[in-house]
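Everything below concerns the one structure shown next.
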Amino acid sequence: MDRTTFLARIEEYHMGGWRLALINATSAMSTEEQPGGSFDVVWAFVKDNAFEYLREEIVPGDEVPSISASFPAAFLYENEIRELFGINVTGLNVDLGGQLYKTAKKIPFSPSAIRARLEANAAAGIASASPTPPAGPHGAAHAASSPAPTSAPTAGKTA
Amino acid sequence: MSMFSRSPWILHYDGSSCNGCDIEVLACLTPLYDVERFGVVNTGNPKHADIFLVTGSVNERNIDIIQNLYGQMPDPKVVVAVGACACSGGIFARAYNIQGGIDKVIPVDVYVPGCAARPESIIDGVVQGIAALEEKRKKRAS
Amino acid sequence: MKRTVIPFGPQHPVLPEPIVLDLILEDERVVDAVPTIGYIHRGLEMMVERVEYTEMGFVVERICGICSFMHGMGYCLSLETIMNVEVPDRAKWLRLIWAEISRIQSHLLWLGLGADAFGFENLFMHCWRMREEILDIFEKTTGGRVIHSVNRIGGVKRDVSDAELAAILVRLEELGKAFKKTASVFATDPSIAHRLVGVGVLSPEDALSTASVGPMARASGLATDTRLGGANLYDQIDFQPVVETAGDCLARVAVRLREVEQSIGIIRQAIDKMPKGEGLPLENRPRGNPAGEAFTRLEQPRGEVVYYVKANGTKYLERFRARTPTFANIPAMIQLVKGCELADVPNIILTIDPCISCTER
């Protein structure tokens, strides 16, 4: 990701009086291009009834800058994606140091953890999702054409 | 009458429940169900409690808390597991962070089924808990 | 000055649910608070790996027993968006009515807990007695007191007869009258004012920078209400968001007091406007598996909730995410706790209306 443009876009939302609505990560399973899997991270903002988001594809190990300088409340989400997904967020205003959820299994939402769980399920004959997801554009590229969110007139944006 | 010979005080702890059973436990205390008429009092202090009402299942994080609270309660004591999650893990048994019912950590005397458990069954569970308490007391005296 | 660390929770008399705040004190004043959650973390979102999308709704409902209906509704709305399903009109209206009944239920529950936290047990009992009326309505119409399971992808499972709806309205009017008396106690009792006025003041600027939602933001003068967006038939309802300006604990109580009456008014309008008759269609069940993604926003009793669903064309979803209102309000809570007296901490924590099982999922 381009750190400077990203932070500039975030600052635009901040100056525009938007409220941080959500930072969400989704693990994508490993593919041939990305053997370690990847993360689809969304930063969503709300102003009046408009809902917009920025989207980045992150590879494990990539550095993701904290947006807590513009949006102080981001620390909770950032600590969360760091702890559950293992995304390397840097420069947080409040660093809870992995003490937010304290799950028994470390980084349970990461692509490798999901894969391990699904493979174990498959080996044990437990019905669960396939460790090899169907091919096709379901990630960021797909999002642009996805239907608009239901609850408000929105302008979904992809970065 | 042995069943109501004592007024048990209850300690409630929410393991990892969805709140449904917790609010039903609280509803038992309020005017429609009003368990206080039986002398049942909800206390926040484990050292005052006779009956330990646990809702929700066990996850890695709350094992210590549950054991701690149980350990702080004076003998004799009774544990009532309220709701499907406390009994067996319930709908969340398949979640990665859930270990199962309360009986994985502490001995359970009464199981109250339901998702969420109805106030009537919670009261019934407590009443059975009183009987179990009475028995434990007798055993200790003999 | 000597610093003391007092762990608040996980088991605490005012908290029905476990959360931990490490309060760092200088004498009686809190200078910092460090949150720890995870006591109720079940990993519910990851259950999409093992639960098919058709059944996941029942899991989502159990994120929280207080907003159970709205969680089910948000999940179904997300999948309806992805699968392009048009929900029949009567089902939409029934959802709106149940959603508003949930709001009344949740606010009465909270008003009781709030009263208990500032030591007014009598008021707690009154609020919960009124709440039982609402639970009765829920039980009659959905079959469940706290977990309802009436939402399905494409509509709702049960109809409520027109006669039943009229009866609900009568009950709500009665409840409204009784509620007025209780509300006046909250508004006028000097001992309540003594505990709540000027305590935990959140300025409008801070409400925005801490990204607060719901009654928390509205008590600080921000007119944010997801329902204003008009989705889910709210565009056909005449209502204004309830806004208070003081930003203190009493303002947060006042917002919820007024919202109970507002919700009764919304239900009255809805019953008036909805299509009448027996045997109207209630659901359009979709076929096949979903592919695509959706963000859904709803106004829950505690504020805005955001659902994110991503589906990849199989029967298992790729990601389900719920950002619940309490999660969004935690930064504000931490900010308010800093600088307050130790004795005010329970009141401040209670007035954000924390729902921990929502927060941790």
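The values are calculated or read from the model by the stated rules, or taken from the named source; none is laboratory data. All figures in this text were calculated on a predicted structure; none of them were measured in a lab. Every residue, glycine as well, gets a Cβ built from its backbone with ideal geometry; the counts of neighbours run over all protein chains shown.
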Subset of the stretch B:47-74, residues in contact with a helix residue (DSSP H, G or I) (Cβ under 7 Å, 6 or more places away or on another chain) and either aromatic (Phe, Trp, Tyr) or modelled with pLDDT under 85 (or both), comes to B:52
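State yes or no: is residue C:228 of a type in the set (A, V, I, L, M, F, W, C) and free of Cβ contacts under 8 Å to residues at least 24 places away in the same chain? Give the steps one after another, and end with the answer.
Numbers: of a type in the set (A, V, I, L, M, F, W, C): yes; free of Cβ contacts under 8 Å to residues at least 24 places away in the same chain: yes.
Answer is yes for this residue.
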Which residue out of C:299, C:360 is within 30 Å of residue A:118 (Cα to Cα) and either within 15 Å of the chain's Cα centre (by Cα) or modelled with pLDDT under 85 (or both)?
C:360
Taking the stretch B:64-98 and keeping only residues that are closer than 21 Å to residue B:114 by Cα and charged (D, E, K, R), one is left with B:94
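Is it the case that the stretch C:289-312 has a residue that's more than 14 Å from chain A (Cβ to nearest Cβ) and part of a loop (DSSP other than H, G, I, E, B)?
Step one: list which residues in the stretch C:289-312 are more than 14 Å from chain A (Cβ to nearest Cβ), which gives C:301-302.
Filter once more, keeping what is part of a loop (DSSP other than H, G, I, E, B): C:301-302.
Yes, the stretch C:289-312 has at least one match.
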Of the residues in the stretch C:330-361, those that are under 18 Å from residue C:23 (Cα atoms) and polar (S, T, N, Q) come to C:335, C:347, C:351
Within the stretch A:101-125, which residues are out of contact with any Lys or Arg (no Cβ under 7 Å at 6 or more places or on another chain), assigned to a loop (DSSP other than H, G, I, E, B) and without any contact (Cβ under 8 Å) to a residue 24 or more places away in the chain?
A:101, A:103, A:104, A:105, A:106, A:125
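So if I check each of B:14, B:50, which one is touching a residue at least 12 places away in the same chain (Cβ under 8 Å), within 12 Å of chain C (Cβ to nearest Cβ) and either among the hydroxyl-bearing types (Ser, Thr, Tyr) or buried (at least 19 other Cβ atoms within 10 Å of the Cβ) (or both)? Please lay out each step first, then the result.
Details: B:50 fails: within 12 Å of chain C (Cβ to nearest Cβ).
Within the list B:14, B:50, the selection yields B:14.
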Residue C:24 vs (1) within 13 Å of chain B (Cβ to nearest Cβ); (2) closer than 30 Å to residue C:1 by Cα: all pass except (1)
Have a look at A:55, A:19 and point out the one that is under 29 Å from residue C:35 (Cα atoms), under 17 Å from the mean Cα position of the chain (by Cα) and charged (D, E, K, R).
A:55
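When the residues of the stretch C:37-57 are narrowed to those that are of a type outside the set (Val, Ile, Thr) and either more than 7 Å from chain B (Cβ to nearest Cβ) or in contact with a Cys (Cβ under 7 Å, 6 or more places away or on another chain) (or both), which ends up farthest from residue A:115 (Cα to Cα)? It would help to see each step written out before you state the result.
Of the stretch C:37-57, the ones of a type outside the set (Val, Ile, Thr) are C:38-39, C:41-47, C:49-50, C:52-53, C:55-57.
Still in the list and also either more than 7 Å from chain B (Cβ to nearest Cβ) or in contact with a Cys (Cβ under 7 Å, 6 or more places away or on another chain) (or both): C:45, C:49, C:52-53, C:55-57.
Working: C:45: 16, C:49: 10, C:52: 18, C:53: 19, C:55: 22, C:56: 20, C:57: 24 Å.
Looking at residues that are of a type outside the set (Val, Ile, Thr) and either more than 7 Å from chain B (Cβ to nearest Cβ) or in contact with a Cys (Cβ under 7 Å, 6 or more places away or on another chain) (or both), I get C:57.
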Of the conditions (1) more than 23 Å from residue C:15 (Cα to Cα); (2) out of contact with any Cys (no Cβ under 9 Å at 6 or more places or on another chain); (3) at pLDDT 90 or above; (4) not β-branched (Val, Ile, Thr), the single one that residue C:95 does not satisfy is (2)
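Mind checking which residues of the stretch C:212-255 are part of a loop (DSSP other than H, G, I, E, B), within 11 Å of chain A (Cβ to nearest Cβ), over 17 Å from residue C:355 (Cβ atoms) and not acidic (Asp, Glu)? I'd like the intermediate steps shown before the answer.
Of the residues in the stretch C:212-255, the ones part of a loop (DSSP other than H, G, I, E, B) are C:212-213, C:219-225, C:230-233, C:237-248.
Narrowing further to those that are within 11 Å of chain A (Cβ to nearest Cβ): C:212-213, C:222-225, C:230-232.
If we keep only those that are over 17 Å from residue C:355 (Cβ atoms) as well, we get C:222-225, C:230-232.
Those that are part of a loop (DSSP other than H, G, I, E, B), within 11 Å of chain A (Cβ to nearest Cβ), over 17 Å from residue C:355 (Cβ atoms) and not acidic (Asp, Glu): C:222, C:223, C:224, C:230, C:231, C:232.
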Might you check whether a residue that is without any contact (Cβ under 8 Å) to a residue 40 or more places away in the chain and within 18 Å of the chain's Cα centre (by Cα) occurs anywhere in the stretch C:203-213?
no
Identify the single condition in (1) hydrophobic (A, V, I, L, M, F, W, C); (2) within 14 Å of chain C (Cβ to nearest Cβ); (3) surrounded by fewer than 20 Cβ atoms within 10 Å (Cβ to Cβ) that residue B:85 does not satisfy, given that it satisfies every other one.
(3)
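Go through the residues of the stretch A:24-32 one by one and say whether even a single one is over 21 Å from residue C:324 (Cβ atoms) and at pLDDT 85 or above.
Start the filter on the stretch A:24-32 by keeping residues that are over 21 Å from residue C:324 (Cβ atoms), which leaves A:28-32.
From the residues that got through so far, the ones that are at pLDDT 85 or above too are none.
Looking for residues that are over 21 Å from residue C:324 (Cβ atoms) and at pLDDT 85 or above, one finds none in the stretch A:24-32, hence no.
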Those residues that are more than 11 Å from chain C (Cβ to nearest Cβ), acidic (Asp, Glu) and outside any strand (DSSP E or B), I need them from the stretch A:15-72; list them, please.
A:32, A:33, A:62
Checked the stretch B:86-96 for anything closer than 21 Å to residue A:127 by Cβ and touching a residue at least 40 places away in the same chain (Cβ under 8 Å); matches are B:92
What residue, among those in the stretch C:78-110 that are within 13 Å of another protein chain (Cβ to nearest Cβ) and among the β-branched types (Val, Ile, Thr), is nearest to residue C:125 (Cα to Cα)?
C:87
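Please work out which residue is surrounded by the fewest Cβ atoms within 10 Å (Cβ to Cβ), limiting yourself to the stretch A:79-130 and to residues that are among the acidic types (Asp, Glu) and closer than 20 Å to residue C:317 by Cβ.
The extreme case among them is A:119.
Residues that are crowded, with 19+ Cβ neighbours inside 10 Å, aliphatic (A, V, I, L, M) and in contact with a Lys or Arg (Cβ under 8 Å, 6 or more places away or on another chain): does the stretch A:66-73 have at least one?
Filtering the stretch A:66-73 for residues crowded, with 19+ Cβ neighbours inside 10 Å gives A:66-68, A:71, A:73.
Keeping just the survivors that are aliphatic (A, V, I, L, M) gives A:67, A:73.
Within this subset, residues satisfying the condition of being in contact with a Lys or Arg (Cβ under 8 Å, 6 or more places away or on another chain) are none.
Checked against the condition, which is being crowded, with 19+ Cβ neighbours inside 10 Å, aliphatic (A, V, I, L, M) and in contact with a Lys or Arg (Cβ under 8 Å, 6 or more places away or on another chain), the stretch A:66-73 yields no hits at all.
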Note down all Cβ pairs under 8 Å where the first residue falls in the stretch A:1-30 and is without any contact (Cβ under 8 Å) to a residue 12 or more places away in the chain, the second is assigned to a loop (DSSP other than H, G, I, E, B) and surrounded by 21 or more Cβ atoms within 10 Å (Cβ to Cβ), and they're at least six residues apart or on different chains.
none
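Tally up the residues in the stretch C:48-81 that are closer than 23 Å to residue C:228 by Cα and part of a helix (DSSP H, G or I), please. Walk me through how you get there before you give the answer.
Going residue by residue through the stretch C:48-81, those that are closer than 23 Å to residue C:228 by Cα are C:66-81.
Filter once more, so that each one left must be part of a helix (DSSP H, G or I): C:68-81.
Final tally of qualifying residues: 14.
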